[in-house]
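The values are calculated or read from the model by the stated rules, or taken from the named source; none is laboratory data. These figures come from a predicted structure and were not determined experimentally. Neighbour counts are summed over all protein chains in view; Cβ atoms, including those assigned to glycine, are modelled from backbone coordinates with ideal geometry.
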Amino acid sequence: MTNRIFVAAALLTALVADIAFANAANVVVVGANGRTGKPLIKMLKERGHHVRASVRKAKTAAGLGADEVVVADITKPETLTAAVKGMDYVMCVTGSGGADPATTDNAGVAALADAAKAAGAKQFLLMSSIGAEVTSVDDPSVRIGKVMVAKNKGEAHVRATGLPYTIVRPGGLADCEPGKTGVSLGLVTAVQNREINPPAICRADVAAVMAESLGNTAAMNKTFSAIASPKDAPNAWKAKLKDLPRD
Ligand SMILES: NC(=O)c1ccc[n+]([C@@H]2O[C@H](COP(=O)([O-])OP(=O)(O)OC[C@H]3O[C@@H](n4cnc5c(N)ncnc54)[C@H](OP(=O)(O)O)[C@@H]3O)[C@@H](O)[C@H]2O)c1
């Protein structure tokens, strides 16, 4: 009897491992050394993926836990072919820190999306921002019009590539543990976000939303906001991805 239980448990373990392996993919995280990139790599590894960390300086990749490292810069298109080569999924979690949004959030993201398309990637996943709906730098609904307009243009380019994509627009970010509070996914604009006035969303929760969206038809060709929602159960958002409208 004990032997039978042991054999059944071993078979189940092998089956679970097989399922994880069957879903395993090659994923590159661009902006891997960032505060969202780090938890994202951890989550992708936990899901059994082969992860390439794309960083600007090789030494920053130490300790990220990726399977491989590539040095690339989205403002230098000639570095991007190597960054995305052989990758099923390209995840962009870069940030300009507001320094030069036109070359990073706009042209850089566009160049990366083009490289992903040329490499035959299955999906491009972009971390953008609530407020990226604005098209004028003088739009009073956002504080940093230049950044938001650059993100708006970068997003538009991603959609225009024809590559399947998911664009996540988080609200204000914080560094905290994932899965401790609810997350609300929707179509919240900067104006609405100010009215809701949610607490900051954990970067790691945004990473979780992106990891869940990878290869997920429920998230394909969608642009949606992500804000913290303490009234919701942690992880309840997963079941709501499919209800979000396609672009
Ligand atoms: N702060 C907020 O409240 C807020 C709210 C909503 C959305 N967002 C957006 O969320 C995104 C991620 O934010 P985060 O705070 O996680 O970012 P972060 O910690 O500042 O990390 C950004 C990463 O992007 C990399 N990077 C910058 N320029 C690059 C380039 N030209 N090529 C390649 N990599 C580049 C950086 O590389 P290095 O490691 O080499 O520096 C860094 O690893 C950003 O787009 C940000 O605008 C922020």
Is there any pair with a first residue in the stretch 66-77 that is within 10 Å of the ligand (Cβ to nearest atom) and a second that is part of a strand (DSSP E or B) and not β-branched (Val, Ile, Thr) whose Cβ atoms are under 7 Å apart and which are 6 or more apart or on different chains, and what are they? Ala72/Ser54
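Looking only at the stretch 104-120, filter to residues that are of a type in the set (A, V, I, L, M) and surrounded by fewer than 24 Cβ atoms within 10 Å (Cβ to Cβ); which one of those is nearest to Leu44 (Cα to Cα)? Talk me through it step by step, then tell me what you get.
From the stretch 104-120, those of a type in the set (A, V, I, L, M) are 107, 109-113, 115-116, 118-119; that's our starting set.
Going one step further and asking which of them are surrounded by fewer than 24 Cβ atoms within 10 Å (Cβ to Cβ), we end up with 107, 110-111, 118-119.
Numbers: Ala107: 27, Ala110: 24, Ala111: 24, Ala118: 23, Ala119: 21 Å.
Selected residue: Ala119.
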Looking only at residues that are in contact (Cβ under 8 Å) with a residue 24 or more places away in the chain, small (Gly, Ala, Ser) and within 12 Å of the ligand (Cβ to nearest atom) in the stretch 83-101, which one is farthest from Met210 (Cα to Cα)? Gly98
Inspect the stretch 200-217 for any residue being surrounded by fewer than 21 Cβ atoms within 10 Å (Cβ to Cβ), closer than 25 Å to Ala111 by Cβ and at pLDDT 95 or above and give the result as yes or no. yes
Restricting the search to the stretch 1-51, which residues are part of a loop (DSSP other than H, G, I, E, B) and either over 30 Å from Val109 (Cα atoms) or at pLDDT below 50 (or both)? Met1
